[in-house]
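This report refers to the structure that appears directly beneath it.
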């Protein structure tokens, strides 16, 4: 039976530090410093995410602190100057928040972070209520899986289904997340498939394939 792929729910942090729309500037900064985070979800009601306030949003106040803008420059930087003059989360936050669902795959979460240039994503349910938060470091947790777990999964989900007759002659070794497949198999056409499937196992860093075709006995 093929293992279920890891999802955001498997790696996300369930204890979330968030602020309400009315949170004051200093309150937000204090929360970031206390919990060592660079962004906070802004939630209202029963926990519905309405935005995210980040260090970048807050630093606009410092950026424009001693800099008086002309009218043309103000018009070009309406959002930035508005945030620089604000002091509550509802006016400082970036909206709509970039979020992700708990059932999303880890590659999808990574692509979303990269495309939006953010370091973390609020995880929300179908109603937009916060369930957790997932960060770049959370996505790397799968690479902490023990080598023996990876070896067992590769054998169960890759070797045994692909090589039901010769699988017993295939050795699966994992060292530091690097899988080595060695031994003899009947059907060498499946070797590239085995390599690809082994590399797709969550937590595998790389695959070294040393599989060869079964040597026929002399005289056969």
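Scanning region 103-118 for residues that are part of a loop (DSSP other than H, G, I, E, B) and either over 16 Å from residue 142 (Cα atoms) or at pLDDT below 95 (or both) yields 117, 118. Annotation: residue 186 fulfils all but one of (1) modelled with pLDDT under 95; (2) in the same structural domain as residue 103 (by TED's automatic domain parsing); the unmet one is (2). Taking the listed residues 73, 79, 44, the one that is closer than 26 Å to residue 30 by Cβ and modelled with pLDDT under 90 is 79, with no other qualifying.
The selection criterion, being at pLDDT 95 or above and within 21 Å of the chain's Cα centre (by Cα), holds for residue 18.
Can you say whether residue 49 is within 14 Å of residue 133 (Cβ to Cβ), assigned to a loop (DSSP other than H, G, I, E, B) and assigned by TED's automatic domain parsing to the domain that holds residue 99, as far as the supplied structure shows? So residue 49 does not fit the description; no. Checking each residue in region 177-207 for being part of a strand (DSSP E or B) and farther than 22 Å from residue 106 by Cα picks out 180, 181, 182, 183, 184, 185. Picking from residues in region 119-176 that are exposed (fewer than 14 other Cβ atoms within 10 Å of the Cβ), over 24 Å from the mean Cα position of the chain (by Cα) and in a loop (DSSP other than H, G, I, E, B), the one that is modelled with the highest pLDDT is 164.
Which of the residues belonging to region 21-36 are free of Cβ contacts under 8 Å to residues at least 24 places away in the same chain, in a loop (DSSP other than H, G, I, E, B) and in contact with a helix residue (DSSP H, G or I) (Cβ under 9 Å, 6 or more places away or on another chain)? Across region 21-36, there are no qualifying residues.
Quick check, is residue 218 at pLDDT below 95 and surrounded by fewer than 13 Cβ atoms within 10 Å (Cβ to Cβ)?
Numbers: at pLDDT below 95: yes; surrounded by fewer than 13 Cβ atoms within 10 Å (Cβ to Cβ): yes.
Criteria met by residue 218.
The values are calculated or read from the model by the stated rules, or taken from the named source; none is laboratory data. Quantities reported herein were computed from a predicted structural model and do not represent experimental measurements. Because the Cβ atoms are built from the backbone with ideal geometry, glycine has one as well, and the counts that use them run over all protein chains shown.
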